[in-house]
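As structure tokens, the structure follows; a few thoughts come after it.
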Amino acid sequence: MAGFTIFEAILVILIIFVVVASLIPKVNQTLGHGRVNSSANVIAAEFLLSQSLAARQHTPVIIAIDASTQTLTISQPPPSNTVLRTYAFDINSDFKLAALSAIPASVQVMPNGTANASMLVTVGGTDYYHQVRLTQAGQVRITR
């Protein structure tokens, strides 16, 4: 007797379906955590880049976080107000974040690497988040 009966084939397919269906929530959770981790790393890198831009241009730069549009913008201060970089973290971007907030909403980074205030940025999904802190001394830290 060669091969499987139709009952055995359906049973194997059903078992495979149950195993795959049980893994989907964990895969979605892992993807969400990866997006939050990646977003925190990008924000920390942008903080460091803003210090480098300020030093190279010998002029301060402004880092601004808009929580309503979930964007990070690095720009020159007035009167030029030139936007140097913009990152989107909303649900339509590659990061697909549920939340992005900052206290305060903007800081000025000086050419020597210091900031006029300490900034705390919170990035997160529904149940997982990271905080990125730029201190007045210019240190950048990612915490959970």
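The values are calculated or read from the model by the stated rules, or taken from the named source; none is laboratory data. Note that the structure is a prediction, hence the values are computed from the model and not measured. Neighbour counts run over all protein chains shown; Cβ positions are idealised from the backbone, glycine included.
Taking the stretch 54-85 on its own, how many of its residues are among the β-branched types (Val, Ile, Thr) and farther than 16 Å from residue 123 by Cβ?
Here the count works out to 6.
Looking at the stretch 30-42, is at least one residue free of Cβ contacts under 8 Å to residues at least 40 places away in the same chain and either crowded, with 19+ Cβ neighbours inside 10 Å or in contact with a Leu (Cβ under 9 Å, 6 or more places away or on another chain) (or both)?
no
Any residue in the stretch 30-48 that is of a type in the set (S, T, N, Q), closer than 17 Å to residue 83 by Cα, in contact with a strand residue (DSSP E or B) (Cβ under 7 Å, 6 or more places away or on another chain) and in a helix (DSSP H, G or I)?
No, the stretch 30-48 contains no residue that is of a type in the set (S, T, N, Q), closer than 17 Å to residue 83 by Cα, in contact with a strand residue (DSSP E or B) (Cβ under 7 Å, 6 or more places away or on another chain) and in a helix (DSSP H, G or I).
Write out, first by first residue and then by second, each pair whose Cβ atoms fall under 8 Å of each other, whose residues are 6+ apart or on separate chains, and whose first residue, in the stretch 52-76, is touching a residue at least 40 places away in the same chain (Cβ under 8 Å) while the second is assigned to a loop (DSSP other than H, G, I, E, B) and loosely packed, with under 15 Cβ neighbours inside 10 Å.
What qualifies is 55/112; 59/77; 60/77; 61/77; 62/77; 64/105; 65/105.
Taking the condition within 35 Å of the chain's Cα centre (by Cα), touching a residue at least 40 places away in the same chain (Cβ under 8 Å) and part of a helix (DSSP H, G or I), does residue 24 pass?
no
Okay, residues lined up against (1) free of Cβ contacts under 8 Å to residues at least 24 places away in the same chain; (2) under 21 Å from residue 66 (Cβ atoms):
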{"residue": "105", "(1), (2)": "no, yes"}
{"residue": "121", "(1), (2)": "no, yes"}
{"residue": "125", "(1), (2)": "no, yes"}
{"residue": "133", "(1), (2)": "yes, yes"}
{"residue": "143", "(1), (2)": "yes, no"}
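A quick yes/no check of all residues on (1) at pLDDT 95 or above; (2) polar (S, T, N, Q); (3) assigned to a strand (DSSP E or B); (4) in contact with an Asp or Glu (Cβ under 8 Å, 6 or more places away or on another chain):
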| site | (1), (2), (3), (4) |
| --- | --- |
| 108 | yes, yes, yes, no |
| 126 | no, yes, no, no |
| 136 | yes, yes, no, no |
| 141 | yes, no, yes, no |
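State all residues of the stretch 33-59 that are more than 10 Å from the chain's Cα centre (by Cα) and among the charged types (D, E, K, R); if no residue qualifies, say none.
46, 56
Can you pull out the residues in the stretch 53-88 that are among the β-branched types (Val, Ile, Thr) and buried (at least 17 other Cβ atoms within 10 Å of the Cβ)?
Listed by number, the residues that qualify are 61, 62, 63, 65, 73, 74.
Tell me yes or no: at least one residue of the stretch 99-118 is more than 25 Å from residue 137 (Cβ to Cβ), surrounded by fewer than 17 Cβ atoms within 10 Å (Cβ to Cβ) and either touching a Lys or Arg at 6+ places or on another chain (Cβ under 8 Å) or among the hydrophobic types (A, V, I, L, M, F, W, C) (or both).
Among the residues of the stretch 99-118, at least one is more than 25 Å from residue 137 (Cβ to Cβ), surrounded by fewer than 17 Cβ atoms within 10 Å (Cβ to Cβ) and either touching a Lys or Arg at 6+ places or on another chain (Cβ under 8 Å) or among the hydrophobic types (A, V, I, L, M, F, W, C) (or both), which makes the answer yes.
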